[in-house]
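The block underneath contains the structure these notes are about, expressed in structure tokens.
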Amino acid sequence: MLDHLIENATVVDGTGTSARTADVGILDGRIAVIGKVSEAARTREDASGLVLAPGFVDPHTHYDAQLFWDPYATPSLQHGVTTVVAGNCGFTLAPLRPEDAGYTRRMMAKVEGMSLAALEQGAPWTWRGFGEYLDALEGRIAVNAGFMVGHCALRRYVMGPDAIGGQPSDAQLASMVGLLHEAMDAGAWGFSTTQSSTHSDGDGHPVASRHARPDELLALSRAVGEHEGTQIEAIVAGCLDRFADAEIELLAELSATAGRPLNWNVLTIDAAVPERVPRQLLASERARKAGGRVVALTMPVLAPMNMSLGTFCALNLIPGWGPVLGLPVPERIRRLADPAVREELLRHARSEEAGVFRRLTDFGRYVIGDTYSERNAGLTGRVVRDIAAERGQDPFGCLVEICTADELRTVLWPMPTDNDPASWALRAETWRHEDVLLGGSDAGAHLDRMCGAPYTTRFLGDCLRGRGLVGLEQAVKMLTDDPARLFGLRERGRIQEGFHADLVLFDPERIDAGPATLVHDLPGDSPRLDSRALGVRAVWVNGVEAVREDAVTGAVPGKVLRSGRDTRTVATK
């Protein structure tokens with residue numbers, strides 16, 4: 001007898017082949033039968049008119065901490081994501097010395113925008129080794145989760161405070177390599193690192209991995225190649241804009257040295273900068289020639305990130321802006337009121353050195369979000385350009401005046417500059433490249449600034465009822481089988497007999513994501529942005545119903561996926 005039978009579904013199996021109407025039976029956590037099924041089942045449902053797809057795989061999340069207080073990885077699970085990849089960008093919670101827990105929490109709060117109160121109150125912090133960290137999650141999560149080992153954690157564990165600014169001795173490098181081996185023996189998926197100039201710790205210093213030289217990175221990558229089913233994830237300064245020649249060579253060499261795929265985040269596609277995509281994909285071309293594979297992650301939807309002059313955000317990363325926006329609020333307000341200071345900030349923002357952050361400099365296109373003063377009543381939802389015209393001000397001066405009235409608490413939403421037909425046509429073309437993969441949600445990070453987790457349902461809705469840049473079968477493949485194959489997931493990513501029953505049932509006429517709304521449901525009453533899943537009837541993880549009509553069921557059927565056992569090695573060529 002089957003555990004559950006889904007009847008008359010439009011099955012889109014993840015391989016890209018045409019949809020077909022079929023019944024799908026689940027038994028003992030796996031897909032037992034596909035076709036016209038007459039076998040008895042404990043429960044059954046009619047899925048006529050609904051699409052049944054494999055569970056979606058999100059290749060870039062930061063759920064490392066959130067899974068402790070939110071085993072459902074919301075809102076990803078409601079949006080059909082059944083497997084998440086975490087431990088990215090060089091940031092993990094293990095290995096960890098007890099005396100470094102405070103530093104790690106403050107670093108994660110700064111660099112990944114996590115709530116410090118939630119980190120302090122929501123996770124147990126009882127582990128030391130990476131295996132202990134994985135064991136702490138085993139049996140209590142609703143999604144499948146795989147974890148990379150973060151370079152910053154390795155360095156801090158071995159070098160202590162000297163990890164910031166220091167270089168390891170031969171013995172210390174050997175210890176780091178040994179720790180990485182131990183972590184991968186315990187099931188870590190591989191190694192992640194960052195060299196990005198935007199990543200600083202809670203003290204404002206460049207994070208530990210940014211001080212690593214190529215020989216250290218290569219030694220750690222070599223260790224990755226000694227374990228089954230492993231990967232590398234790397235961030236360099238040029239990821240957000242354009243790689244330097246040395247970065248292209250480094251990414252290719254790391255992958256070729258390990259003999260493993262390397263992915264990076266995120267490929268920004270904008271028709272106004274047509275040279276960016278071919279430049280970034282040179283890393284993939286160079287890697288293939290060297291015997292490796294470098295894969296670019298890119299988002300298939302626009303996931304705006306809000307800003308604020310009162311708290312750390314992307315505006316702080318514009319060259320020349322950090323010293324002003326890092327001042328105490330009263331002094332910050334005083335400096336911003338000076339027209340000469342504002343002019344200097346604009347000069348920096350529009351210079352070549354600002355790189356991709358120039359996208360944020362058209363302040364007239366900003367939309368006012370939440371406000372906190374009587375003077376700003378009625379401004380929420382309005383565009384700064386219109387307000388500035390009414391007041392006879394320049395847009396940036398107008399924006400500063402609005403924020404000052406709220407003591408810089410005003411929420412600002414920059415309107416995307418790359419939402420034009422030419423940029424969407426370029427995206428559709430780029431998605432067809434063999435070394436481009438959809439993903440990069442950052443789910444679990446920057447919780448009060450952005451909500452990238454719903455990209456799966458929003459993308460499908462756009463494919464079915466919007467731009468239609470990709471057909472349904474191909475869109476599902478891009479969200480399921482493609483990432484499953486990159487990470488070597490064993491028997492996941494497709495609707496196939498014998499595969500794990502990770503499934504999403506949705507209404508093709510309704511599938512979409514609701515608007516992002518601010519909720520206060522983190523430990524310590526901290527805020528985050530959330531988004532409802534529209535049109536998702538149900539989600540199964542390992543054959544167990546985890547979501548029904550946008551609500552979690554309370555079941556925790558997810559597994560900690562471990563390298564070797566749950567992932568296999570993928571050829572780089």
- Task: Order by neighbour count: S115, S209, fewest other Cβ atoms within 10 Å first, most last.
- Result: S115, S209
- Task: Please give the FRET efficiency for Y372 paired with K36, using the beta carbon to beta carbon distance and R0 = 35 Å, rounded to the nearest 0.05.
- Result: 0.05
- For region 172-177, what does the Karplus curve 6.51 cos²θ - 1.76 cosθ + 1.60, with θ = phi - 60°, yield as ³J(HN,Hα) per residue in whole Hz, taken in order and with x for Gly and Pro? 5, 5, 4, 5, 4, 4
- Query: What ³J(HN,Hα) values, in whole Hz, does the Karplus curve 6.51 cos²θ - 1.76 cosθ + 1.60 give for region 145-159 when θ = phi - 60°, with x put for Gly and Pro?
  - Reply: 9, x, 10, 7, 9, x, 4, 4, 5, 4, 5, 5, 4, 8, 9
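Given the Cα-Cα distance of K573 and S351 and 0.36 nm per residue of separation, how much length would full extension add, in nm? Before the final figure, lay out the partial values.
Details: separation 222, 0.36 × 222 = 79.92 nm, distance 3.96 nm.
Here the answer is 76.0 nm.
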- Message: Need the list of lysines near K559 for cross-linking: C-alpha distance under 26 angstrom, and skip anything on the same chain fewer than eight residues off.
- Response: K477
- Restricting to lysines and to Cα separations under 17 Å from K289, and discarding same-chain partners fewer than 8 apart, the set is K573
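So if I take the alpha carbon set of the chain, get Rg, then get Rh from the Kirkwood formula, what is the Rg over Rh ratio? Don't skip to the answer; put the middle values down first.
On the way: Rg = 23.5 Å, Rh = 24.4 Å.
Rounded to two decimals, Rg/Rh equals 0.97.
What 222 nm value per residue comes from the helices of the chain, counting each DSSP H run with n ≥ 4 as -39,500 (n - 2.57) and dividing by all residues, nearest 500 deg cm²/dmol? Spell out each step's value before the answer.
Details: 18 runs with 173 residues, N = 573.
Value at 222 nm, helices only: -8500 deg cm²/dmol.
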- Query: Taking amide H positions as placed 1.01 Å from N in the peptide plane, with prolines and chain starts having none, which residues 5 or more places from L489, or on another chain, fall under 5 Å of its amide H?
  - Reply: R568
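Tell me, in nm to one decimal, what length is gained between R365 and T417 on full extension, where the rule is 0.36 nm per residue of separation less the Cα-Cα distance? Please list the in-between numbers first.
Values: separation 52, 0.36 × 52 = 18.72 nm, distance 0.87 nm.
Length difference between fully extended and current span is 17.8 nm.
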- For the R213, T43 Cβ pair and Förster radius 56 Å, calculated FRET efficiency rounded to 0.05 is 0.45
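By per-residue mean of other Cβ atoms within 10 Å, what is the highest-first order of 518-525, 61-68, 297-304?
61-68, 297-304, 518-525
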- Note on the structure: Exposure proxy check on K110, K36: fewest-to-most Cβ neighbours within 10 Å is K36, K110
- Task: Would you please name the trypsin sites (Lys or Arg not before Pro) within region 518-550 that are DSSP coil residues with at most 10 other C-beta atoms within 10 Å of their C-beta?
- Result: none
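A short reminder: the numbers here are calculations on the coordinates, not readings from a lab. Given the structure is predicted, the values throughout are model-derived calculations rather than measurements. Methodologically, a virtual Cβ is constructed for each residue, glycine included, from the backbone with ideal geometry; neighbour enumeration extends over all protein chains shown.
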